[in-house]
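Trainee: Here's a structure for you.
We did not get these values from a lab; they are worked out from the coordinates using the rules stated. If you're wondering where the values come from, they're calculated on a predicted model, not measured in any experiment. Note that each Cβ is placed from the backbone with ideal geometry, even for glycine, and that neighbours are counted across all protein chains shown.
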């Protein structure tokens, strides 16, 4: 299923359909293939644009700093705009619906009062058969647009969160003829909130409201690519390119980023990893926003983002991970160590030639920093939590538009330890595991384990070389089929370039 529109919009298009159809032809002609993969290609574009625009901004200390407050500026105060936010949410649904209806001529977009009435019935809900990329990435991406329609219009995290649920529900009921799907509702809303707050903060972080000229315009464009709804709101507010003071500008936010470029090797069976494994080019953007070791009551005051893309036959966008603190408490602090408790919100998307997995989850973690005053520092984390909904590959399932995975909730555990010596050498081991019970798909349960080891040496403050070894293992237990046990080893080797910021 795609994303879409609301009940007043249906009446709107009954009246203005000829005008909208003409506009749609002008807008979408020649873009059919582009729009189809727009979310994935947009993230790939961000990987490259970040290298140019954000590096330049960081080098000149233009990210959220108070160094330029001496310049005369207008003051912009945050105000809540409910009706404008509602209008932007409507636009984020109308655009994909108009494409599906006028350009694709898709049957599911030909909604009617009958289809809407059917979808309003509680008993009409059923799990859908969309492919993995659509359900686990495209839907959360569109949920992020719903969320940001209110977040960028003066509402805080908790106040904007209902917009993701409302937008998802409106689309499921009135945006298409397909029955509403519980997996779409969960992925679009919860995944949309995670991606939405992340993109909201990053898009604001890359723009210096006191900057002028070409550099400022480049920052505005980058912010728009990261978060189109926030960019639209800046245009409507008259803030695009305008030198002004924003209350948040006095807050200095730490942002660091590393771009890794290199090769990776993977295999579906451990015994043939070296002889029959596949080699691919890849690049990965690793971002850290905020201070990992700091108490906070504000959601997403610190978070990490991993975006990996490569020359894979299955998908160019292979990984998107968001791990954010909803709240963080200081547990204990001494001169040489400190410990924190953290409640996190997580979005996971893995999609490569050998393995796929997607989930929305929340964990409780213990974060520790050891030997703070020594040249050799240690870091550790330990956590467990609830997986709201996960998509886990099923060897015995394939139907519809490419549904080859089971859906179910689960329990997760995670842990890791790292060592940094003289700010030059890094060694780390991380583990993630989960147990899942299928609620839609073949009657089954799964154990998933992922272990990653990393070695990295920092030649200069910006340049490093690294190597990673690890594996995913999946054990599936079926009621009607033979049990499955699979192991997916992988290796990465890369040159890393620190685009901006310092090591945590």
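Trainee: Please arrange 86, 203 by counting, for each residue, the other beta carbons lying within 10 Å of its beta carbon, fewest first.
Mentor: 86, 203
Trainee: Taking 7 Å along the Cα-to-C-beta vector as the label spot, tell me the residue 91-residue 215 distance in nanometres, rounded to one decimal.
Mentor: A separation of 3.0 nm, rounded to one decimal place.
Trainee: Okay, next question. Could you work out the relative contact order of the range 254-500? I mean the mean sequence separation of Cα pairs under 8 Å and 6+ apart, divided by the number of residues, in percent. Before the final figure, lay out the partial values.
Mentor: Values: 718 pairs, mean separation 39.3, N = 247.
After rounding, I find 16 percent.
Trainee: In the P(r) worked out for the range 387-504, what percent of Cα pairs fall beyond 16 Å? If you can, show how the numbers build up before the last one.
Mentor: Values: 4724 of 6903 pairs.
The calculated P(r) of the range 387-504 puts 68 percent of pairs beyond 16 Å.
Trainee: Tell me, 387, 116 in order of fewest to most beta-carbon neighbours within 10 Å?
Mentor: Lowest count first: 116, 387.
Trainee: Moving on to the next point. Rounded to the nearest whole Å³, what is the per residue volume of the convex hull around the Cα atoms of the range 254-500?
Mentor: 127 Å³
Trainee: At what distance in angstrom do the alpha carbon centres of the range 409-456 and the range 457-504 lie from each other?
Mentor: Result: 10 Å between the Cα centres.
Trainee: Turning to a different aspect of this structure: I'd like the distance separating the alpha-carbon centroids of the range 348-379 and the range 293-343, in whole Å.
Mentor: Going from one Cα centre to the other spans 7 Å.
Trainee: Working from the pairwise distances between different alpha carbons, so that the mean of 1/r is found and then inverted, what is the range 302-416's Kirkwood radius in Å?
Mentor: After inverting the pairwise mean of 1/r, the radius is 16.3 Å.
Trainee: Computed over the Cα atoms of the range 341-409, what is the convex hull's projected area averaged over all directions, in nm²?
Mentor: If I average the Cα hull's projected area over directions, I get 6.9 nm².
Trainee: With 10 angstrom as the radius, rank 107, 395 by how many other C-beta atoms surround their C-beta, starting from the fewest.
Mentor: Fewest-to-most ranking of 107, 395: 107, 395.
Trainee: Moving on to the next point. For the range 397-446, what is the Kirkwood hydrodynamic radius in Å, using each pair of distinct C-alpha atoms?
Mentor: Every distinct Cα pair counted, the radius reaches 14.0 Å.
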